[in-house]
Amino acid sequence: MTKKVSIRTFGCQMNQADTEIISSLLTAEGYCLVAEEDDADLVMLNTCAVRENAVEKIMHHLDSLKGLRRRRRGLVVGVIGCVPQYYREEMFQKSGVIDFIAGPDSYRKLPELIRNAFQGIRGAELFLTQRETYGDIEPMRSGSISAFIPVMRGCNNMCAFCVVPFTRGRERSRSLQSVLDEVRRLEGQGYRELTLLGQNVNSYRDDEAGADFALLLDEVSKAAGEMRVRFTTSHPKDISEDLVNVVAQRENVCNAIHLPVQSGSSRMLEVMHRGHTRREYLDKIAMIRSAVPGVALSTDLIAGFCGETEEDHLQTLSLMEEVRFDYAYMFYYSVRPGTYAARHLTDDVALEEKKRRLQEIIDLQSGISGEIFRNDVGSVQEVLAESESRRSSDMLMGRSDTNRVVVFDRQHYQPGDLVRVVIESSTQATLIGRCQDPGEG
Ligand code: SAM
Ligand code: SF4
Ligand code: F3S
């Protein structure tokens, strides 16, 4: 009988893209994907280890699967992705409910691991390779409007706080040709937007084709036709003028750049091994803004990293005021065993203090985002409608070129349509508007 599989995805967009690759691999083997764990013969969790609370979430979910296992005899549980790559075989002791584990470079081994697990044989596949990109596998995509295209995997940067180089291994890129072929297939299938993904997407390189990320983006934009093109995540040290010029010149490349800075203090940036100073970051921001007026800039920030003083924290606040990011992902530092920071630095900012600093960062950013969004009131935004709004089927939700969430009265429009929306009001996270009348503006 056909076995039913549910895959629950935690963590970043790379994990979401991996789940689409795994879905494709497993359906080719005859498995049937189901949305509910209650209906499944095999439950897989595709996991994230970036912060302690991400791991706790997964452990908590595994606990809840113990009950499901009692109700469904023969249920198989697999844990894949960054958590097993990080904790390795120790996973089997961490939770008694796991039948197999596989790391991010071992997904081709899943059919074998699953077959064995159904016969009661436990398995672990945790090799990291320098080559695996899954570039030959057509992902089984969950949506029909926006698509992820992973173009590179892994990270060589070794930021002092981060597990990603340990869970994802060394950087490697897909060939330019395989990316362009995928873009053309998506265009043929009627997709409206694509996002090029990588842990450090702008470290992309195909030496045989002589391509760096700027060239890839330029070629993708030409092959994408009417599709919008986005990319994430960029590392500040690898943002080049060539890349920014492609964003400026290509109509279908969205004017939004996510550029994590982590801290506004040059001293902390050095301790974090980020490879740039505050001044260098600000110079890159100035370079981007002069080439792409109106560009939306977003970032990631960490509060309370090892040795961070009040003065360092104030530097982060002042950098935020200077740049005025459109939005930010903000975290307090969480020690990750095995990283440089865990081995060589002291986690000496008390939890309460980390939380206080984080709250100040969040409050400041909320105020800035609120002001930036209020300034959009009265403007006309080109919005790609993605879905019905959660509040009402009379409203559609979509994103502007600058990645703002926009909700508007749908009239005759459908998800997938590109709509000109007049912005009438705003909150800290959303713009609210109406469709522009024909002939208006
Ligand atoms: N590659 C991206 C870059 O260099 O900016 C970021 C990838 S990481 C998966 C996403 C974000 O998680 C980081 O930018 C950082 O802000 C945050 N992060 C990573 N390790 C962390 C830690 N140990 N504690 C708190 N936040 C962390
Ligand atoms: Fe982690 Fe730094 Fe690599 Fe980003 S660049 S994934 S923060 S090690
Ligand atoms: Fe998490 Fe792994 Fe992504 S640690 S953030 S799922 S690369």
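The values are calculated or read from the model by the stated rules, or taken from the named source; none is laboratory data. Here the structure is a predicted model, which means the values were calculated and not measured. Cβ placement follows ideal geometry from the backbone for every residue including glycine, while neighbour counts extend to all protein chains displayed. Heavy atoms of the whole protein, side chains included, go into the accessibility calculation; ligands, DNA and RNA do not. Shrake-Rupley method; radii C 1.70, N 1.55, O 1.52, S 1.80 Å.
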- [ ] Would you mind telling me the antiparallel percentage of the DSSP bridges in the chain, rounded to 5?
- [x] 35 percent
- [ ] Leaving ligands, DNA and RNA out of it, work out the accessible area of residue 9 with a 1.4 Å probe and give it in Å² to the nearest 10.
- [x] 50 Å²
TODO: On the full set of protein chains, 1.4 Å probe, figure out the accessible area of residue 332 and give it in Å² to the nearest 10.
DONE: 80 Å²
Open item on the list: Run the simple label-point estimate for residue 424 and residue 282 please: 7 Å along Cα→C-beta, distance reported in nm.
Closed with: 4.2 nm
Open item on the list: Once each part is reduced to its C-alpha centroid, what is the distance from region 107-155 to region 339-394 in angstrom?
Closed with: 31 Å
Open item on the list: Give me the one-decimal nm value for the distance between modelled label points at residue 309 and residue 29, 7 Å along each residue's Cα-to-Cβ direction.
Closed with: 5.5 nm
Open item on the list: Could you work out what % of the accessible surface of region 146-366 is carbon and sulfur, using a 1.4 angstrom probe and leaving DNA, RNA and ligands out of the count?
Closed with: 48 percent
Task: Two-site label geometry, residue 90 and residue 390: point separation in nm, points 7 Å out along Cα→Cβ - done: 3.5 nm
Task: FRET E, pair residue 411, residue 3, Förster distance 41 Å, beta-carbon r, rounded to 0.05 - done: 0.35
Task: Stretchable slack from residue 380 to residue 359, in nm (0.36 nm times residue separation minus alpha-carbon distance) - done: 4.3 nm
TODO: Please give the residues of region 133-167, grouped as numeric ranges, whose backbone N is less than 20 Å from a label point set 7 Å along the Cα-to-Cβ vector of residue 344.
DONE: 155-167
Open item on the list: Please compute the length gained on full extension between residue 112 and residue 131, using 0.36 nm multiplied by the number of residues separating them and subtracting their Cα-Cα distance.
Closed with: 4.8 nm
TODO: Using the structure shown, list the pairs from 66/355; 4/57; 57/284; 3/66; 57/355 with a Cα-Cα distance above 27 Å, or answer none.
DONE: 66/355; 57/284
Task: Residue-averaged [θ]222 nm for the chain, counting only DSSP H segments that reach four residues, each worth -39500 (n - 2.57) - done: -11000 deg cm²/dmol
Task: region 114-195: C-alpha gyration tensor shape, a/c 1.5 cut-off, then a/b vs b/c - done: oblate
- [ ] Sort region 380-435 into rounded, prolate or oblate with this rule: let a ≥ b ≥ c be the square roots of the eigenvalues of the Cα gyration tensor; rounded if a/c is under 1.5, and if a/c is not under 1.5, prolate when a/b is larger than b/c, oblate otherwise.
- [x] rounded
TODO: Keeping all protein chains in position, work out how much accessible area residue 108 exposes to a 1.4 Å probe, and write it in Å² to the nearest 10.
DONE: 100 Å²
Open item on the list: Tell me whether region 1-104 comes out rounded, prolate or oblate; compute the Cα gyration tensor, take square roots of the eigenvalues as a ≥ b ≥ c, and use a/c under 1.5 as the rounded threshold.
Closed with: oblate
Task: For the chain, built as a Gaussian network whose Cα springs stay under 10 Å, the top-fluctuating residue of 400, 334, 425 - done: 425
